Amino acid sequence: MASKQANRQAITLKGSTSLVTEFFKYAVNTILFQREVYPSDDFHMVKKYGQTVLVTQDVALESYLDKILKQVQKWLLLGSVTQLVLAIISKDSRTPLERWVFDIKLVELPVESGEAPPPPKPEAEIQSEIRAILKQIISMVTYLPVINEPTVFNILAYTSESADVPAGEWVDTDPLAIEASKSQQATNTRLAALNALTWSVWTSRGAGLVLAFDGGLILIPMLRNVIRVVRPKVQWLFPADENIWFHRQVAYSMAFWSMVHTTAHYVNFFNVERTQVRKEIALDIHYTQAGGISGHFMLLIMVLMYGTAHSKIRQQCFEAFWYTHHLAFFFMIGIYSHATGCFVRDSTNPDYITTFPFYSTQHCLGYESWRFIIWPGILYFGERVYREIRARKATRLSKVLVHPSGAMELRIVKPSFKYVAGQWLFIQVPEISKFQWHPFTITSAPEDPYVSVHIRQVGDFTRALGDRLGAGPSVVAAMTQAAMKGAEKDEKTGMTRGDFVELDSSNLSLPSVRIDGPYGAPAEDVFNVEVAVLIGAGIGVTPFASILKHIWYRQKRGNLGTLRRVEFFWVCRDAPSFGWFQSLLQEVEAAQADPNFLRINIYLTQKIGEDMLWNIAVNDAGAQYDPLTLLRTRTMFGRPDWMTIYGQMRQAVESGQYIAGSKSQLKTKVGTYFCGPSVLAKAIKEATVHHTNSNVEFSFAKEHF
Amino acid sequence: MGNLIWHDLGRFISITASVYAVWSSFFGFYYRKFFWDFVGGTLRDPGGIQPAPGAAVFITLIVKAPIIQILAMILGMMIVALEYSLPLVKGLALYRSFVVRIVLLFFQSFLCILYYQGTNASLWSLIAIGCYVRAQLLGEVMEEAKENRGKGGRA
């Protein structure tokens, strides 16, 4: 008895020699049909083993197979065959494409030895085994590449040396092995011409595939609206707020692989010209064909985009970055059309047609990756259109307030604009610039009937806006000077420091504005902790305006969630920038009924001059309000020591003094929300980690507003 | 926000162009080809373009011996050293001169356009020249390098 094993995978078949031979016949037929070695019309259906099997009707083939099978059966009986191989060979190049291997293992001596045969296996079991193998052959085919060329087949038998081989029918041959490590690239005969270029073509194709992937990824982190929607759901999986970081990493990868890809192509085209596999010169490919032209254009665009996207340039002149980055539109067009006409093709000339995508893909052997990577591009384009439509919805600038520190507050009414505390928006003033959108943090709470942003006149756009609104530098300078002098009350204007001035808009029409947003992270998490520590450093304080207001509104409604106390820290380098924020803080501080709910801690880290020192000393002593901030809270000088602050907070919480009635609680959650430079973030995070214990849990979140 | 400082942008583009020049000249050693050989050249199959006899001098300097490529590589490295910049260049008055950069970049642009791989480096060098010319016209001044005087901005 012999057993057969098909395809190295562990389906085995046990049966008598005749059964095995018969099975081999059907297996060969099935493979020949499935792999289209012979035209499918040559086969007819036969019911066998409880399954429909296709058997050839070609007479020549039939008799050839019969002859082989007879010999195989003879060998089987003698036990001299160990393996049968059906090899499919390319007709033209004679290279083997596939090998179907059947191992034969002798379980016992052949029947002739005179011993009593063991009881035959039940027919049904054998049949089901055969069915399983035939099914496996058929299902295997789906994993195999389609063979597009004429093929022939050989049947190889591995016999023992002694086996008697009928001359004329069987010849010695090499194993027709497929060289294992070679990939599609190396074995695909349609790529033969290109493969003559060897490593450079493999490098350029590989790098090209990476670039296509990068090209698909680069826009995904820029789908701001999509990210805003999915952010709460995916935040646990990856830091969705770090989208710009991801965008940059993809860009770095792109720069590197462009270098590899371009270098390889310079070698490719050099060799194409030298060997004339295509009748053209290198410069034709570089400067007259779609791939070359778009490639060189994309490189140029990349130089300009990367150059102006450097943080140095971005800070100097945001517009240079902003406008140049819109070259991305042409870059994406370039990347999608880079393979037009297919450099990787089996024909000499590109096969152009008149319908989309304007070249026939019949001769195209490239990856045609644009079919996959165009979707983020379409999505992004759609998002930009949507943003445009949304921005056009009715928006009215209702009020402009000028704070003495020089900050303007724009109050905008846009009923369709829904946001949560801590988010930001883009603002556009078409009268000043038709295309520019500038990001600002929302400073109003969602409960306010308007959306407000505070704008300091520091850049060219904001200065122009100030001029347009009648709050030009001269007006503001006068007010700031008055404020800086510490004039508590100016008799002539009746203005108190810290108050804002509403601009008279009767003789000055307010310009139309458009807003786009909101974007960024909501600060709703604040209401899930008992104690919220809000830390703003420098300009990073802006989002907390909205959050503090929002907390205040919810406090009024008595809807604070688990929140019991709020510690607000503001670390600021210089006194003048206390500016507008102080008026808001004053408002919030004044409104506090419970003095223990909100505590404001302000740190001034600037080196204090002698004049200022005396000024503070004179004004501070015995005054009801702090001379710098006009808050009841005193300003502290120097940098905060986070380790001590958190240590004290933990002690206070543990001793039960900090939160009234919190003793029964198992664990107090203290959430820190920070916005500012990363050096500070690191120090604070260390403090939170250090002080977390079984009673108090400190968490840390760096917010990206 | 504010105004673009052109020599800062010029520096980035100039570094990119010069690194490209070094890399392209390196490949130019192995795949030697005169960029302008198609002018009056005849196409041979196989063999590629046979340049016109008038281009013999370039063939000598680029194909027979990679003289131009070597020069371009040295020049590219010099510009990178100047722009990046090498510590020992930083203190020199040369380091703060836009004219020196314009001249060096011009030569780089010229050398790179001669061989096959260098065209982009040449084009980008021209763009960098444009930035520096604009910087010069606007009267921008390169800040003197800080000599370990502590970190800037902190009193």
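The values are calculated or read from the model by the stated rules, or taken from the named source; none is laboratory data. Bear in mind that the values here come from a model prediction, so they are computed numbers and not experimental data. Glycine also receives a Cβ, built like all others from the backbone with ideal geometry; neighbour counts cover every protein chain displayed. Side chains included, ligands, DNA and RNA excluded: accessible areas come from the protein's heavy atoms. Shrake-Rupley method; radii C 1.70, N 1.55, O 1.52, S 1.80 Å.
Remarks
- Filter result (touching a strand residue (DSSP E or B) at 6+ places or on another chain (Cβ under 9 Å), open to solvent by less than 30 Å² (accessible area, probe 1.4 Å) and part of a helix (DSSP H, G or I)) within region A:376-433: A:R387, A:R390, A:A391
- Selection status of B:A81, within 14 Å of another protein chain (Cβ to nearest Cβ), in a helix (DSSP H, G or I) and out of contact with any strand residue (DSSP E or B) (no Cβ under 9 Å at 6 or more places or on another chain): no
Conditions (1) closer than 22 Å to A:M254 by Cβ; (2) open to solvent by 40 Å² or more (accessible area, probe 1.4 Å); (3) facing chain B (nearest Cβ under 9 Å), marked per residue:
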{"position": "A:Q276", "(1), (2), (3)": "no, no, yes"}
{"position": "A:L283", "(1), (2), (3)": "no, no, yes"}
{"position": "A:G292", "(1), (2), (3)": "yes, no, no"}
{"position": "A:K312", "(1), (2), (3)": "yes, yes, yes"}
{"position": "A:F321", "(1), (2), (3)": "yes, no, no"}
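- The condition of being out of contact with any helix residue (DSSP H, G or I) (no Cβ under 6 Å at 6 or more places or on another chain), open to solvent by 30 Å² or more (accessible area, probe 1.4 Å) and more than 23 Å from A:Y323 (Cα to Cα) holds for A:Y287.
- Looking only at residues in region A:496-534 that are among the charged types (D, E, K, R) and at pLDDT below 60, the one that is least open to solvent (accessible area, probe 1.4 Å) is A:R497.
- One residue alone among A:S444, A:S416 is of a type in the set (G, A, S) and free of Cβ contacts under 8 Å to residues at least 40 places away in the same chain, and that residue is A:S416.
- Whichever residue in region B:38-73 is in a loop (DSSP other than H, G, I, E, B) and surrounded by fewer than 19 Cβ atoms within 10 Å (Cβ to Cβ) and, among such residues, is farthest from the other protein chains (Cβ to nearest Cβ): B:A65
- Number of the condition not met by A:Q316 [criteria: (1) within 31 Å of the chain's Cα centre (by Cα); (2) open to solvent by less than 20 Å² (accessible area, probe 1.4 Å); (3) within 8 Å of chain B (Cβ to nearest Cβ)]: (2)
- Unique match (being closer than 25 Å to A:D241 by Cβ and touching a His at 6+ places or on another chain (Cβ under 9 Å)) among A:T443, A:T462: A:T443
- Residues that are more than 17 Å from A:L425 (Cβ to Cβ) and in a helix (DSSP H, G or I) within region A:227-236 comprise A:V230, A:P232, A:K233, A:V234, listed in sequence order.
- Just one of the numbered conditions (1) within 20 Å of A:F102 (Cα to Cα); (2) part of a strand (DSSP E or B); (3) out of contact with any helix residue (DSSP H, G or I) (no Cβ under 6 Å at 6 or more places or on another chain) is not true of A:V53: (3).
- Residue count, region A:246-269 (criterion: open to solvent by 30 Å² or more (accessible area, probe 1.4 Å) and free of Cβ contacts under 8 Å to residues at least 24 places away in the same chain): 5
- Some residue of region B:88-96 being open to solvent by 30 Å² or more (accessible area, probe 1.4 Å), without any contact (Cβ under 8 Å) to a residue 12 or more places away in the chain and within 14 Å of chain A (Cβ to nearest Cβ): no
- Scope region B:15-32; condition under 16 Å from B:N120 (Cα atoms) and either more than 8 Å from chain A (Cβ to nearest Cβ) or open to solvent by less than 30 Å² (accessible area, probe 1.4 Å) (or both); matching residues: B:I15, B:A17, B:S18, B:V19, B:Y20, B:A21, B:V22, B:S24, B:S25, B:F26, B:G28
- Residues within region A:218-231 that are open to solvent by 40 Å² or more (accessible area, probe 1.4 Å) and in contact (Cβ under 8 Å) with a residue 12 or more places away in the chain, tallied: 4
- Given (1) modelled with pLDDT of 95 or more; (2) within 11 Å of chain A (Cβ to nearest Cβ), number of the condition B:F35 does not satisfy: (1)
- For region A:608-705, the strands (runs of 3 or more DSSP E) that sit wholly inside it and include 1 or more residues that are at pLDDT below 80 and under 25 Å from A:F527 (Cβ atoms) are A:668-675, A:696-702.
- Failed condition for B:F12, given (1) of a type outside the set (D, E); (2) at the interface with chain A (Cβ under 9 Å from one of its Cβ atoms); (3) more than 20 Å from the chain's Cα centre (by Cα): (3)
This table checks each residue for (1) within 14 Å of another protein chain (Cβ to nearest Cβ); (2) of a type in the set (V, I, T); (3) in contact with a Ser or Thr (Cβ under 7 Å, 6 or more places away or on another chain).
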residue: A:D214; (1), (2), (3): no, no, yes
residue: A:L219; (1), (2), (3): no, no, no
residue: A:K233; (1), (2), (3): no, no, no
residue: A:A240; (1), (2), (3): no, no, no
residue: A:S253; (1), (2), (3): no, no, no
residue: A:F256; (1), (2), (3): yes, no, no
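- Filtering region A:301-310 to residues that are open to solvent by 40 Å² or more (accessible area, probe 1.4 Å) and not hydroxyl-bearing (S, T, Y) leaves A:L304, A:H310.
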